[in-house]
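Visitor: Provided herewith is a single structure, encoded as structure tokens, for subsequent inquiry.
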Amino acid sequence: MSIDGESLGARLARLRVARGRTQLRMAELLCAASGTATVTRHEVSRWEREHRVPNAYWLRWLAVVLEVPLGELEQAAAVARGGRSAGRRAEPAVPADDWRYWPEVSAPGGGREWTLAELRRLDDLMGGADLSPLVNHVLQVAGARRDPGPGGLAAVAGLAQLAGWVNGDGGHDAAARAAHRLGLRAARAADDPALVGHLLGSAAQVTADPARAVALARAGAVESARAAPAGARALALQRVAYAAARAGDARGCERAIAAADRQYGRRDPADEPPWLYWLTDSEYAALSGRCYAVLHRPQLAVPLLSHGLAGIRQPRPVALYTTWLAEAHLDAGAPERAAELAIEALPAAVRSGSVRAAARVRSLHSRLAALPRSVVDRYLRVATEGLSYLADVTGSAAAVAAGSG
């Protein structure tokens with residue numbers, strides 16, 4: 001779509017990311033500029049997704065904060081209102097399955113070239129709803145290059161894996177599936193079995209159907225066993241364990257965790273691929289603890305998740321793993337502690353902007369809300385207002401199923 005015909009949600013997201021701002025920072029700037037402390041990160045998210053179109057008052061302040069002509073935003077708002085009247089819901093462009101036929105598109109980052117390493121680091125700081133337009137654009141541009149060669153194919157595959165991940169985190173399931181399919185084709189063409197395994201495992205993480213998730217995760221572990229270093233094999237086996245836990249296969253989960261532990265103990269960080277930079281000892285412990293939480297085995301889940309969370313700082317994994325720890329405490333018969341943890345998870349989920357984290361917090365809320373008021377009164381008072389600031393999860397079955405990592 002040309003810039004002249006660009007809808008307001010896409011334009012706001014493009015301009016914000018080009019300036020290196022999160023949705024939370026945009027909300028803070030709008031409140032400071034206007035002197036009206038009523039705009040939240042959630043409201044900015046609604047504007048970018050076009051669940052709402054800002055009125056003339058906020059269009060003027062958006063133009064000030066984004067440093068663009070008011071007429072530019074008014075034109076884009078008219079496009080958005082036309083789409084809303086026609087029943088269209090804005091969503092990031094879904095990547096095609098064949099990179100050779102992608103068109104060049106205007107850059108959300110204002111023409112800047114972003115490296116895959118930079119985008120991965122942004123994923124540590126931003127939710128998928130914020131980041132997916134930029135990652136989708138970079139992937140489209142990389143995939144449109146003719147005859148990229150093995151190195152270029154591997155780069156496309158890496159970008160596609162990240163695009164699948166951030167689109168899943170943003171609740172855009174169709175875009176996530178398309179990106180994973182593209183990545184698998186590119187990784188296979190580049191003869192990179194480690195990356196093939198990683199893509200299959202990533203797809204399993206954001207697949208709502210438990211049986212299909214198990215099949216994808218197991219296929220990923222087989223691919224990883226061909227050539228991946230020990231840490232990558234351990235991650236692939238953790239994907240199998242989580243998928244098996246979701247499917248109710250306790251024995252399969254335990255076998256996969258035991259195999260993953262053996263591989264993880266052999267790893268040499270210097271040999272691991274760059275996409276595994278985030279897998280620390282803390283993350284690894286939390287991954288195992290999450291599996292036991294799904295299996296309702298709090299005697300194992302609680303110590304592993306507690307140990308893992310002690311070394312994790314980013315808001316999205318903090319929110320995700322804290323919800324699992326809270327559910328493990330519920331299974332252990334400690335609802336008061338679960339409510340305390342839920343109070344910790346809620347602001348972390350809001351800060352992350354993650355649809356996955358929002359889905360987990362809402363799932364935990366449904367369990368807590370069923371308890372006697374006297375047990376969870378403080379939590380419910382916090383949740384009454386806090387839940388409204390979470391990222392939207394409507395229409396994303398995969399986000400409800402997916403976890404961290």
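Visitor: Stretched out fully, how many nm does the piece from H51 to A208 gain, at 0.36 nm a residue minus the Cα gap?
Guide: 54.1 nm
Visitor: For the chain, which whole-number percentage of the solvent-accessible area (1.4 Å probe, protein heavy atoms only) is attributable to carbon and sulfur atoms? Write out the running numbers ahead of the final one.
Guide: Values: 8790 of 16420 Å².
In the chain, the share of accessible area belonging to carbon and sulfur is 54 percent.
Visitor: Then there is this: How many Å² of accessible area per residue for the chain, probe 1.4 Å?
Guide: Computed with neighbouring chains in place, this is 41 Å² per residue.
Visitor: Working out 0.36 nm times the residue gap between D191 and T36, then minus their Cα-Cα distance, what length gain in nm do you get to one decimal?
Guide: Values: separation 155, 0.36 × 155 = 55.80 nm, distance 5.52 nm.
Stretched out fully, the D191 to T36 stretch lengthens by 50.3 nm.
Visitor: If I take every Cα pair under 8 Å that is 6 or more residues apart in the chain, average their sequence separation and divide by the length, what percent do I get for the relative contact order? Let's see the in-between values first.
Guide: Numbers: 699 pairs, mean separation 52.6, N = 405.
That works out to 13 percent.
Visitor: Report, in deg cm²/dmol and to the nearest 500, the calculated mean residue ellipticity at 222 nm for the chain, where each DSSP H run with n ≥ 4 adds -39500 (n - 2.57) and the sum is divided by the residue count.
Guide: Details: 20 runs with 282 residues, N = 405.
The helix contribution divided over the chain gives -22500 deg cm²/dmol.
Visitor: Please compute the length gained on full extension between A215 and L380, using 0.36 nm multiplied by the number of residues separating them and subtracting their Cα-Cα distance.
Guide: Numbers: separation 165, 0.36 × 165 = 59.40 nm, distance 3.90 nm.
So the extension gain works out to 55.5 nm.
Visitor: When all protein chains stay in place, what accessible area (Å², nearest 10, 1.4 Å probe) is found for S7?
Guide: 10 Å²
The values are calculated or read from the model by the stated rules, or taken from the named source; none is laboratory data. Bear in mind the structure is a predicted one, so any value in this text is a computation, not a measurement. Heads up: the accessible areas ignore ligands, DNA and RNA and are worked out on the full protein's heavy atoms, side chains in. Shrake-Rupley method; radii C 1.70, N 1.55, O 1.52, S 1.80 Å.
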